[in-house]
Amino acid sequence: MALREILIIGHPMLVKKAEPVERVDADIVRLAGDMVETLHAAPGIGLAAPQVGVSKRLIVVDLSVGENKDDLIVLVNPTVLGKEGEVICEEGCLSVPDIREKVARPYRVTVSGLDLEGQTVEVDAEDLLTRVLCHEIDHLDGILFVEKLSPLKRKLIRKKLKKTAAAGKKA
Ligand code: NI
């Protein structure tokens, strides 16, 4: 396995709709392994393939950041089957460094997809897990969480990101 570079806001891959995975083959299994390693190293709780430069519908989520194997969720071609409720809470993104903003997400969600054996799986999520799953599935549609904010907030964020880049900080 290998660490992959995480793309930062401004990269065209992050606003592109990702392609469905046609077959869960060795390449996809390797990509998923690399993404899990990259996620844990970041560290973060969710990562989508476009964030590492691959236009495929694949996400990895791990609320335990590598502490608990049972928490790791790898989903190929995830789709939301149903959602319920709403929670407004701060979230961030590995592709949008140092920015955390309040975003509305469902409270409960059911997501279906394929696992790395190509079997259909369903995940029933609540609260933070729902938030992360929705956030990662948005990435597959080329949507960053900052797109969900008001125009004024987005303007302030663009300013802050420009400043960070100008200061030569790693972003
Ligand atoms: Ni993200």
Quick one: compute a quarter of the convex hull surface over the Cα atoms of the chain and quote it in nm².
9.6 nm²
Under the 0.36 nm per residue contour assumption, what length would be gained going from the current alpha-carbon distance of E90 and S64 to full extension?
7.5 nm
Label model pair D141, A104: point-to-point distance (7 angstrom along the Cα→beta-carbon line) in nm is 1.5 nm
Going by the alpha-carbon gyration tensor, a ≥ b ≥ c the square roots of its eigenvalues, is segment 79-148 rounded (a/c under 1.5) or, if a/c is not under 1.5, prolate (a/b greater than b/c) versus oblate?
oblate
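Answer rounded, prolate or oblate for segment 1-95, using the Cα gyration tensor with square roots of eigenvalues a ≥ b ≥ c: rounded when a/c is under 1.5, else prolate when a/b is larger than b/c, else oblate.
rounded
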For segment 1-43, just say rounded, prolate or oblate: build the C-alpha gyration tensor, square-root its eigenvalues into a ≥ b ≥ c, call rounded for a/c under 1.5, and beyond that prolate if a/b exceeds b/c, oblate if not.
oblate
GNM top mover of E84, E19, E126 - the chain, alpha-carbon springs below 10 Å:
E84
Just want to confirm a number: the relative contact order over segment 15-171, from Cα pairs under 8 angstrom separated by 6+ residues, in percent.
22 percent
Using a Gaussian network model on the chain with a 10 Å cutoff between Cα atoms, which of V24, V60, V109 fluctuates the most?
V24
Karplus ³J(HN,Hα) for segment 145-150 (6.51 cos²θ - 1.76 cosθ + 1.60, θ = phi - 60°; Hz, whole; x = Gly/Pro) runs 4, 5, 5, 8, 8, 5
Once both axes come from the Cα atoms, what is the angle between helix 151-166 and the longest principal axis of the chain, in degrees from 0 to 90, rounded to 10?
80 degrees
The chain: most fluctuating residue of P151, P78, P106 per GNM, C-alpha cutoff 10 Å
P151
Can you tell me the 0 to 90 degree angle between the C-alpha axis of helix 127-140 and the longest principal axis of the chain, rounded to 10?
80 degrees
Quick one: Cα centre-to-centre distance for segment 97-171 and segment 60-79, in angstrom?
15 Å
Residues with beta-carbon under 12 Å from that of A125, excluding A125: net charge, scoring Lys, Arg +1 and Asp, Glu -1?
-3
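Every read-out reported here was derived from the displayed coordinates using simple, explicitly stated rules and does not represent laboratory data. What you see is a predicted model; the values in this text were computed from it and never measured. For neighbour counting, all protein chains shown are included, and Cβ atoms are generated from backbone atoms with ideal geometry for every residue, glycine included.
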